[in-house]
Amino acid sequence: MIEYENLEKLNAPYRLDYEKKFSQVLQKGWYILGEQVKEFELAFAKYCGVKHCIGVGNGLDALILSLIALDLPEGSEVIVPSNTYIATILAILHAGLRPILVEPDLATYNMDPNKIEAAITSKTRVILPVHLYGKLCDMQAIMDIAHRRQLWVLEDAAQAHGAMQNNIKAGAWADLTAFSFYPTKNLGAIGDAGAITTNDDKLAEKLTSIRNYGSRVKYYNDYVGFNSRLDEVQAGFLSIKLQHLDEINQHKRQLASYYLEQIDERYIKPVTQIGFFDVYHIFNVRHPQRDKLKSYLLEQGIKTEIHYPLPPNKQKAMQGILTGNYPISEEIHQTTLSLPISTFHTENDIKQIIEALNKFEA
């Protein structure tokens, strides 16, 4: 059986370093907002090419706290792609704001800059591009629109650690960027963890307080804050894995190259573009008989996933909140299938999958 993912195998190369780091943290006796968090924040900010990184509890909190830090009027509108994972929508709602869905580019699955202007109203305050599957949105075009229309930009880079456009990494384009370090990410923790990056000194200082009950000095609270802090153990683990992130990304890019070169043309494959460095957190193909294909591959001993089976506007929780029709988004959700592409997968694994794909009869 070729597994889709296996977290024990994924983390096996780092196990001894993790055990050593855990012992160090345990012996130190400082478990919240200590030196491990500071070291990771400095290292990740440097990696992304920004001034500040603020570690938080998870990727959803990274989005929520970022939006709250902007201090926008309640009900302000946030432009977001209609095919994003629901966490992006939840963050907007929890921040007291209104999501405005725009259709993605069917080729890239990312926010289509050509559709942004038509969605802007007098209440629009933020553009929230989501870098799905490890491919950056066209951030140059999005930032041009934002500057012209005087809007904030918040990147959702939960799936894009190390991805680039024009040699600028995710995390360094926008006013704020939210990252998730969920265990399956290219830079994954051993539990929930997240971070926010920014070059804005004032926003960084504010977020450092908001994540910690609104306090910079113990028992003195400047903001109505939250308890959302990256803990010492996860920060220590992330610092170890960060040293290997480029290697992880390169391995996944190599596996992706086999898929791209050898899967036959019956499948719609991810596009590659000049100036974009994709890191393939997820490698998806699209096929009109997706469900039949998924069952067939499982019969061949190949596990796959669907990211994602149901668009946000079709979710039960979003009824009465999200309105409108989004045919491009629905087409993606109905046809997409994610193939194995983890760091423990080998060239031979991928070739077996390709062979099975090319023998599939719809």
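None of the figures in this text is laboratory data; all of them are computed from the coordinates on show. If you're wondering where the values come from, they're calculated on a predicted model, not measured in any experiment. Neighbour counts are summed over all protein chains in view; Cβ atoms, including those assigned to glycine, are modelled from backbone coordinates with ideal geometry.
Can you order the peptides 218-228, 285-295, 186-196, 91-101 by their average number of other Cβ atoms within 10 Å per residue, highest first?
Going from most to least packed, we get 186-196, 91-101, 285-295, 218-228.
Contact order normalised by length for region 245-359, with contacts defined as Cα pairs under 8 Å and 6 or more residues apart; what percent is it?
36 percent
Consider just the alpha-carbon atoms of region 1-125 and return their Rg together with their Dmax, both in angstrom.
19.7, 57
If you average over every viewing direction, what projected area does the convex hull of the Cα atoms of region 181-278 give, in nm²?
9.4 nm²
May I ask for the distance between the Cα centers of region 223-255 and region 15-41, given as a whole number of Å?
13 Å
Could you pull out every residue, at least 5 positions away or on a different chain, whose amide H is within less than 5 Å of the one on residue 2? Hs are placed 1.01 Å off N in the peptide plane, and Pro or chain starts have none.
302, 303
Please report the net charge: other residues with Cβ closer than 15 Å to the Cβ of residue 7, K and R +1, D and E -1.
0
Of the DSSP beta bridges with both residues in the chain, give the percent that are antiparallel, rounding to the nearest 5.
60 percent
Compute the Rg/Rh shape ratio of region 136-220: radius of gyration over Kirkwood radius, all on alpha-carbon atoms.
Values: Rg = 14.7 Å, Rh = 14.2 Å.
Result: Rg/Rh = 1.03.
What is the projected area of the convex hull of the Cα atoms of region 228-309, averaged over all directions, in nm²?
Computing the convex hull of the Cα atoms and averaging its projections yields 8.5 nm².
Residue separation times 0.36 nm, minus the C-alpha to C-alpha distance between residue 4 and residue 19: what's the value?
2.8 nm
Computed over the Cα atoms of region 245-359, what is the convex hull's projected area averaged over all directions, in nm²?
Approximately 8.9 nm², given one-decimal rounding.
Taking GluC sites (Glu not before Pro) as candidate sites, keep only those in a DSSP loop with at most 14 other Cβ atoms within 10 Å, then name the longest stretch of the chain containing none of them.
Details: sites that count: 3, 74, 265, 361.
It runs 75-264.
Within 13 Å, Cβ to Cβ, of residue 55, how many net charges do the neighbouring residues add up to if Lys/Arg are +1 and Asp/Glu are -1?
Residues close to residue 55 contribute a combined charge of -4.
Note down the net charge around residue 75, summing +1 for each Lys or Arg and -1 for each Asp or Glu among other residues with Cβ under 14 Å from its Cβ.
Result for the local shell: 0.
Please report how far the C-alpha centroid of region 164-178 lies from that of region 294-362, rounded to the nearest whole angstrom.
That distance is 27 Å.
Once Rg/Rh (Cα atoms, Kirkwood Rh) is worked out from the coordinates, which option in (i) 0.94; (ii) 0.97; (iii) 0.99 does it equal?
Computing Rg/Rh (Cα atoms, Kirkwood Rh) and matching it to (i) 0.94; (ii) 0.97; (iii) 0.99 gives (ii).
Can you tell me the alpha carbon radius of gyration of region 198-255 divided by the globular rule-of-thumb value 2.2 N^0.38 Å?
Numbers: Rg = 16.5 Å, N = 58, 2.2 N^0.38 = 10.3 Å.
Rg over 2.2 N^0.38 Å, computed on Cα atoms: 1.60.
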